[in-house]
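Quick note: the coordinates plus some simple rules give every number you see, no bench work behind them. Keep in mind it's a predicted model, so treat the numbers as computed, not measured. Glycine gets a Cβ as well: all are built from the backbone with ideal geometry, and neighbour counts include every protein chain shown.
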Amino acid sequence: MGGALELEEVTGQLSDLAEACLEGALTLATEEIEKNFGKVKGGRFAVIGMGKLGGKEIDYNSDLDLIFIYDAPDEAQSDGESSGILDAHEYYVRLGQKLLTFLSAPTGEGIVYKIDMRLRPSGKTGPLVCSVESFRHYHQTSSELWERQALIKARFVAGDRSLGTDAERVAEDFAYGEGLTQEGIGEIHHLRMRMERELAQEDLSRFNLKKGKGGMVDIEFLTQMLQLSHGCRFPGIRQRRTLEALGSLHHHKIIRKAEYQLLSEGYLFLRRLDHRLRLQRDQSIDTLEREADELHAVAQALGYKGPAKAGKSHMRPGDLLLRDYERRRERIRACYDRFFKIGKRERDHHEDGSGIGSRE
């Protein structure tokens, strides 16, 4: 809170804490399941972190995006008493359910974490757990581009490490097995614009640091588009952390130095501001309001001083923060547009994706 740690240290430590909680909850869940149903001989279970957890980038008050993977011999069953014998799939469904209960069931002290399982194969309609072979088959035959994009972040976080490594390999092979077509690049852009249109809810007095124009998702989608486009040829850009990925893209001359500085500095600015707002509110809300009472306190916590002269007027800390934010978001969006090759008409109407690609 005092700013003694760099952003990557904070997000890394928050991610380490989440992994420790996951491992502890999995141990407790396993003990209960084994007490009731025994064990599955040769069975393994792993938790894969996605999103911010996968990238070791989680925020204060973050949800955890998870996928549950298991592996077991054909026709394997648990070795419990006759009334407690389960086939391997049902056994690991029960284990996953128990793990979710330990993590997210309300208690007198609140919950440990909110859990989001929607990135699993087939999303809400899919089974809670899937075998590693089902995971592979799904992504080879059925998954969509946005799911391929999400797999950039897939990382083992708890359970059986060898199985987790197998799942990571499946994810990496699918994410980076081939480049992106112009149609695929356009699809990523249209998904980004849809998020902004439907979820950002911005107006002249209200900004969304994450999903709004020039927000964190602009930088993340641009970075991931370039990773998917070039990761097949350059394994070094296969990074889960956004800032590390930007550094690798610059190292491989996919983005210029000025673009790297703009995007990385902009991302750090937005994440620090978002963290400070989350601490101030004790909520995971990504909005910044021009007239909010908290604005000046947040600005001062970020090092803004005031009042300061700007021409004939005096600017308070919150005014200075807003000025910097609006300048950065315009530059970030302009950079995003250059790489996706978006003209004014496409920006305004979110229409044709033709001609979208990497910077010339």
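A value for semi-axes √(5λ) of the Cα gyration tensor in Å was derived from the coordinates, and within the list [x] 37, 30, 18; [y] 40, 26, 16; [z] 25, 25, 22 it appears as [y].
Summing Lys and Arg as +1 and Asp and Glu as -1 over all other residues whose Cβ lies under 12 Å from the Cβ of Leu163 gives a net charge of -2. Note on region 230-292: with charges restricted to the Cβ of Lys and Arg (+1) and Asp and Glu (-1), its dipole about the Cα centre is near 380 debye.
Under 13 Å from a label point set 7 Å out along the Cα-to-Cβ vector of Lys39, the amide N atoms of region 76-94 belong to 78-80.
Among Asp218, Asp59, Asp319, which one moves the most in a GNM of the chain with springs linking Cα atoms closer than 10 Å? It is Asp319.
How high is the FRET efficiency from Ser162 to Ser83, r the C-beta distance, R0 45 Å, rounded to 0.05? Calculated transfer efficiency: 0.90. Between 0 and 90 degrees, the angle of helix 7-37 with respect to the longest Cα principal axis of the chain falls at about 20 degrees. Evaluated at q = 0.16, 0.17 Å⁻¹, a Debye calculation over the C-alpha positions of region 97-195 (equal weights, vacuum) places log10 I(q)/I(0) at -0.82, -0.90. Over region 7-176, the pair-distance histogram of Cα-Cα distances with 10 Å bins from zero comes to 10, 39, 35, 14, 2, 0 percent, rounded to whole numbers.
Charges only on Cβ, +1 for Lys and Arg, -1 for Asp and Glu: so what's the dipole of region 182-349 about the Cα centre, in debye to the nearest 20?
So the magnitude is around 620 debye.
Fewest-first ordering of Ile85, Ile67, Ile254 by other beta carbons within 10 Å of each residue's beta carbon gives Ile85, Ile254, Ile67.
When +1 charges are put on Lys and Arg Cβ atoms and -1 charges on Asp and Glu Cβ atoms, the dipole computed for the chain relative to its Cα centre reaches about 1720 debye. Dividing the helix sum by the residues of the chain, where each DSSP H run of 4 or more adds -39500 (n - 2.57), gives a mean residue ellipticity at 222 nm of -16500 deg cm²/dmol. A crude spin-label estimate for the pair Glu23 and His251, with each label 7 Å from Cα along the Cβ direction, gives 2.7 nm. The stretch between Arg290 and Cys232, if pulled fully straight at 0.36 nm per residue, gains 16.6 nm over its current Cα-Cα span.
For the pair region 6-80 and region 242-270, the centres of their Cα atoms are 31 angstrom apart. Database remark: amide H of Ser131 closer than 5 angstrom to the amide H of Tyr70 (H placed geometrically; neighbours at sequence offset of 5 or more, or on other chains; Pro and chain starts carry no H). Taking the C-alpha atoms only, the angle from helix 216-230 to the longest principal axis of the chain is near 70 degrees. Against the chain, whose longest principal axis comes from its Cα atoms, helix 132-141 is set at around 50 degrees.
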